[in-house]
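Novice: I'd like to ask you about the structure that follows.
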Amino acid sequence: MRVARFAGDDDPRFGVVGDEDGTPTIAVLKGDPLYAGYELTGQKVAIDDVRLLAPVIPRSKVVGIGRNYAAHAAELGNDVPETPLVFLKPNTSVVGPGDPIVYPAQSSDVHFEGELAVVIGRICKDVPAEDVDKVVFGYTVANDVTARDLQRTDGQWARAKGFDSFCPLGPWIETNLDPADLRVTTELGGEVKQDGRTSDMVFSVADIVAYVSSFMTLLPGDVILTGTPDGVGPMQVGDSVSVTVEGIGTLTNQVVSHD
Ligand code: MG
C-alpha cells in the first residue's frame, strides 16, 4: 500500500494511492495512518489535482547512516565503518516532492545523496534485528542533501546536512516492501549519476534499526536514511534532481538560489 500526504484546497491530509479507471487517485483517509489507522472518508481525488507533500514530518528526528556502501565510502577516501556511523538531521530539513532545495550561501559544494528511507511505525527501543519488520511502517525515497565543503571543515555534520530543505522525502510511503535488494538511482538533469542496489549496503535495514534503537528510543514517524551508493556529486542552482527507489517511486526536486 502506498500512503501519501497531500494538500488540496484545505489542510494537509493523508490517503492511499491507487488507480480509478486508469487515473492515479488518492483514497482520502480520516487521519494520519501512523496514529489513526486506515479509516477511509469515501472521498477520492485525482493525484494530478493535488500537491503531494513529504509523506511524513518526523516529530522527533531524522537519523542518517553514513558510509553504508563500500564504493561510496571509498569515493570520498573513507574506510567502511565497523559499526553503523550515525548522524542526525533536524526535522526542519524535511521537504516534499517538488519542493525546492535551497542552495545555502555558506556552501559552494552541495551534493545529492539518493537513499532508501525507513519510516518507523511505533515507539520502540532495543529492537532485535529479527523483529525490525514489526516496527517499520514503510519505506520512502530520500535525498540526503549534503554541503560537502562544510562536512569537511566542520567535522560534526549538523550544519552540512541540516540546512532547511536538505531532506526531501517522498513521493509516498510504500508499506509493503522487502528492502533487501532494491535498485537506487539518482538522475541530475536527466543524467544517471548514481545506480546502486540496497543489497550492497554494509549494514542492512534490520542491522541499522537494531543498532539505532539500542541507544535511542524511536518514535512513530521517525525516519532513518540508510546511506547512499557511490556516484555522489555536486548540484547547481537550476538543476533538477530525481532519486528513484525500485518498488517505491521517484522523488524530484529543483535546486534554487538562497536569494
Ligand atoms: Mg547520506
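The values are calculated or read from the model by the stated rules, or taken from the named source; none is laboratory data. Note that the structure is a prediction, hence the values are computed from the model and not measured. Neighbour counts are summed over all protein chains in view; Cβ atoms, including those assigned to glycine, are modelled from backbone coordinates with ideal geometry. Accessible surface areas use protein heavy atoms only, side chains included; no ligands, DNA or RNA. Shrake-Rupley method; radii C 1.70, N 1.55, O 1.52, S 1.80 Å.
Novice: Checking Gly114 against (1) in contact (Cβ under 8 Å) with a residue 12 or more places away in the chain; (2) over 24 Å from Gly221 (Cα atoms): exactly one of these is not met. Which one?
Specialist: Status for Gly114: all satisfied but (2).
Novice: Could you please give the count of residues in the stretch 142-159 that are small (Gly, Ala, Ser), in contact (Cβ under 8 Å) with a residue 60 or more places away in the chain and more than 10 Å from the ligand (Cβ to nearest atom)? Working first, answer last.
Specialist: Here is the first cut: in the stretch 142-159, the residues small (Gly, Ala, Ser) are 142, 147, 155, 158.
Narrowing further to those that are in contact (Cβ under 8 Å) with a residue 60 or more places away in the chain: 142, 158.
If we keep only those that are more than 10 Å from the ligand (Cβ to nearest atom) too, we end up with 158.
Residues flagged as small (Gly, Ala, Ser), in contact (Cβ under 8 Å) with a residue 60 or more places away in the chain and more than 10 Å from the ligand (Cβ to nearest atom) within the stretch 142-159 amount to 1.
Novice: In the stretch 30-44, what residues are in contact with a Phe, Trp or Tyr (Cβ under 9 Å, 6 or more places away or on another chain), among the hydrophobic types (A, V, I, L, M, F, W, C) and in contact (Cβ under 8 Å) with a residue 24 or more places away in the chain? Break it down into steps so the answer makes sense when it comes.
Specialist: Going through the stretch 30-44, the residues in contact with a Phe, Trp or Tyr (Cβ under 9 Å, 6 or more places away or on another chain) turn out to be 30-34, 36.
With the extra rule that they be among the hydrophobic types (A, V, I, L, M, F, W, C), the set shrinks to 34, 36.
Within the stretch 30-44, just Leu34 meets the criteria.
Novice: Can you tell me which of Ser257, Ser199, Ser242, Ser213 is hydroxyl-bearing (Ser, Thr, Tyr) and touching a Phe, Trp or Tyr at 6+ places or on another chain (Cβ under 9 Å)?
Specialist: Details: Ser199 fails: touching a Phe, Trp or Tyr at 6+ places or on another chain (Cβ under 9 Å); Ser242 fails: touching a Phe, Trp or Tyr at 6+ places or on another chain (Cβ under 9 Å); Ser213 fails: touching a Phe, Trp or Tyr at 6+ places or on another chain (Cβ under 9 Å).
After applying the criteria, what remains is Ser257.
Novice: I've got another one for you. Here is a check on your reading of the model: is Thr217 surrounded by fewer than 21 Cβ atoms within 10 Å (Cβ to Cβ), within 25 Å of Ala129 (Cα to Cα) and touching a Lys or Arg at 6+ places or on another chain (Cβ under 6 Å)? Lay out the reasoning, then the answer.
Specialist: Values: surrounded by fewer than 21 Cβ atoms within 10 Å (Cβ to Cβ): yes; within 25 Å of Ala129 (Cα to Cα): yes; touching a Lys or Arg at 6+ places or on another chain (Cβ under 6 Å): yes.
Here the answer is yes, as Thr217 does meet what is asked.
Novice: Quick check on the stretch 183-195: of everything there that is open to solvent by 10 Å² or more (accessible area, probe 1.4 Å) and in contact (Cβ under 8 Å) with a residue 60 or more places away in the chain, which residue is nearest to Val241 (Cα to Cα)?
Specialist: Pass one, the stretch 183-195, residues open to solvent by 10 Å² or more (accessible area, probe 1.4 Å): 183, 185, 187-193, 195.
Remaining after also requiring in contact (Cβ under 8 Å) with a residue 60 or more places away in the chain: 183, 185, 188, 193.
On the way: Arg183: 17, Thr185: 11, Leu188: 5, Lys193: 10 Å.
Among those residues, the one meeting the criterion is Leu188.
Novice: Also, quick follow-up: In the stretch 15-30, which residues are open to solvent by 20 Å² or more (accessible area, probe 1.4 Å) and either within 14 Å of Thr175 (Cα to Cα) or at pLDDT below 95 (or both)?
Specialist: Correct list: Val16, Val17, Gly18, Asp19, Glu20, Asp21, Gly22, Thr23, Pro24.
Novice: State all residues of the stretch 79-127 that are away from the ligand (no atom under 16 Å from the Cβ), hydrophobic (A, V, I, L, M, F, W, C) and not in a strand (DSSP E or B); if no residue qualifies, say none.
Specialist: Ala105, Ile123, Val127
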